[in-house]
1. Please list A:330-342, A:419-431 highest first by mean number of surrounding beta-carbon atoms within 10 Å per residue.
2. Under a point-charge model restricted to the Cβ atoms of Lys and Arg (+1) and Asp and Glu (-1), what is the dipole moment magnitude of the range A:262-303 relative to its Cα centre, in debye to the nearest 20?
3. Which whole number gives the average count of other chain Cβ atoms within 10 Å of the Cβ atoms across peptide A:364-375?
4. To the nearest 20 debye, what is the magnitude of the charge dipole of the protein assembly as shown about its Cα centre, counting +1 on the Cβ of each Lys and Arg and -1 on the Cβ of each Asp and Glu?
5. Expressed as a whole percentage, what fraction of the accessible surface of the range A:272-423 belongs to carbon and sulfur atoms when a 1.4 Å probe is rolled over the protein heavy atoms?
6. When a/c is below 1.5 the answer is rounded, else prolate if a/b is larger than b/c, else oblate, so apply that to the protein assembly as shown with a ≥ b ≥ c taken from the square roots of the Cα gyration tensor eigenvalues.
7. How high is the FRET efficiency between A:Gln390 and A:Leu336 when r is their beta carbon distance and R₀ equals 60 Å, given to the nearest 0.05?
8. Name the shape class, rounded, prolate or oblate, that the alpha-carbon gyration tensor gives for the range A:1-71, where a ≥ b ≥ c are the square roots of its eigenvalues, rounded holds for a/c under 1.5, and otherwise prolate holds if a/b is larger than b/c and oblate otherwise.
Amino acid sequence: MASIRELHQQLVRKERTATEITQAALERIHQLEPKLRSFLAVTADQALAQAQRVDDQLASGEEIGLLAGIPIGIKDNLCTKGIRTTCGSHILENFVPPYESTVTHKLAEAGAVMVGKTNLDEFAMGSSTENSAYQVTANPWDITRVPGGSSGGSAAAVAADECVVALGSDTGGSIRQPASFCGIVGLKPTYGLVSRFGLVAYASSLDQIGPFGRTVEDAAILLGAIAGYDSKDSTSLKVPIPDYTQSLIPDLKGKRIGIITETFGEGLDSVVADAVYQAIEQFKALGAEVQEISCPRFRYGLPTYYVIAPSEASANLARYDGVKYGFRSEEADSLLSMYTQTRAKGFGAEVKRRIMIGTYALSAGYYDAYYLKAQKVRTLIKQDFEAAFQSVDVLVSPTAPTTAFKAGEKTADPLSMYLSDLMTIPVNLAGLPGLSLPCGFDAQGLPIGLQIIGNVLREDQVFQVAYAYEQATQWHLHQPEI
Amino acid sequence: MIDQTQVHKVANLARLALTEAEEVQFTTQLGSILDYFEQLSELDVSNVEPTTRAIDVSNITRPDDLQPNGDRDAIFANAPDQDGDFFKVPKIMKDQEA
């Protein structure tokens, strides 16, 4: 399994061409997809054409960037011009975007080779990728288990080496939880660091695009390529983007790390707790000062999220009406029944459930009791983090309370599914950067994830702590046998 | 507690045609989710300002310049039904009864 930097070396030393690297990725996808089902579409022709452009640049002696010729998977809620973008939903089964998302545009400019669009829970609503209208993605470590979600296709594809890196989106944990379940690195950046132009909206005050990689360095390189201000996204931040690879220093002397006490409570698997405690010992050995930090309102994150996100979703998804694009039910005889039939047939159960929750929470008489109250609790959760970052540089917790669960295990009970995002959601509510990286394996050989949370725009510190730990432990060298 | 009549009303607001079976199922599921939300009442939020977005930015403007907005044919190609320069939909008004 080669990293971005290794492949880049092979390209510039002319040991391999970009076309050969792309063909190898496409071959592996072809071989594994019957078992894994990570991709909703494989874009072989476009990928080979892009690889050829990189090879032409190399042949003419041009310098190429680190991402040039690197195979990448793109979550299928990012619009790709001329390439079908379904969001894992029947309602968008025929949608061919007339425009390109900013992040995929930047990656194409950097020479990255998109090999396909990855599977996801419909409209990024879910924690197992089982809510996709098209297929269920398998976890490469155990194909009877889920890869996590909602960016499960991207995580499984990277873990199984179908591509080197991938993009996902994270509204309540949809990058970090699948990274944890698949034993790879995934980062949700600070809200506003990465432009969301062309990301199909789920919950706009929380959504953020971020990278997956098998190593901290790969994730850092990919973030550097997609971050930055964009006039097309009015929530994007006008801030300078540092070279994140400069933060990859294998030393934690003087770093102050806080353990969030409340994340070691009820519902946490003991094997996960043990792995995270061992990681904390490793941080100490690397020279970090570790202390316990209480975030008393942390546990209210989950109910807060499940008011706020569905409320925003109910508004965002009102646009799917069968008029201008997407699926339309043909049985209707009036405009109103066309709307209600189109939406009834086009959306899956979880999407309908969240639209219903959101519509209820925003409806007359309930707004103050639910939506407004949740926004106030959101302030309290943010204040807990602000207080914590007065005394530490980063916070750590488990990424998810368990390792990957079996397919079908939680589909009957929506609340039990929601609980797997308990530790990632507060980070979205506060807009902070959060990264998951592997910190061990359970008795069945399933990966365990460690979450590192940074202060606003302190991705550099998150990367440093993650990198130092990764280099000291080597969990990232374990590979699934598939 | 939410009942099936309310679920029916909310589905109408959300422009979702639910089956009877879906209404029954959502009544139970939404009920337990709303119960779960009750724990938010444990917190005193009387003097707390709401947070509308995680990192606040305000008054974002740009020069009001004309820009080409996408490829017209590609936009129309996505339409379920179309006539000339129009998106076509089922009739909005009821037929007049004689």
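1. Numbers: A:330-342: 17.6, A:419-431: 27.5.
Ranking, from highest mean packing down: A:419-431, A:330-342.
2. Values: 3 positive and 7 negative charges, 35 e Å.
Result for the range A:262-303 is approximately 160 debye, rounded to the nearest 20.
3. Values: counts 1, 0, 4, 0, 0, 4, 3, 1, 2, 7, 5, 7.
Per residue, the average neighbour count from other chains is 3.
4. On the way: 49 positive and 72 negative charges, 78 e Å.
The dipole magnitude comes to about 380 debye.
5. Working: 2710 of 5400 Å².
Within the range A:272-423, the accessible surface is 50 percent carbon and sulfur.
6. Values: a/c = 1.63, a/b = 1.16, b/c = 1.41.
Cα axes put the protein assembly as shown in the oblate bin.
7. Working: r = 54 Å, r/R0 = 0.90.
In this case the efficiency is close to 0.65.
8. Working: a/c = 2.66, a/b = 1.82, b/c = 1.46.
Prolate, since a/c reaches 1.5 and a/b exceeds b/c.
The values are calculated or read from the model by the stated rules, or taken from the named source; none is laboratory data. Model, not experiment: these values are computed from the prediction. Reconstructed Cβ throughout: ideal geometry from the backbone, glycine too, with neighbour counts over all protein chains shown. The accessibility values were calculated without ligands, DNA or RNA, using every heavy atom of the protein model including side chains. Shrake-Rupley method; radii C 1.70, N 1.55, O 1.52, S 1.80 Å.
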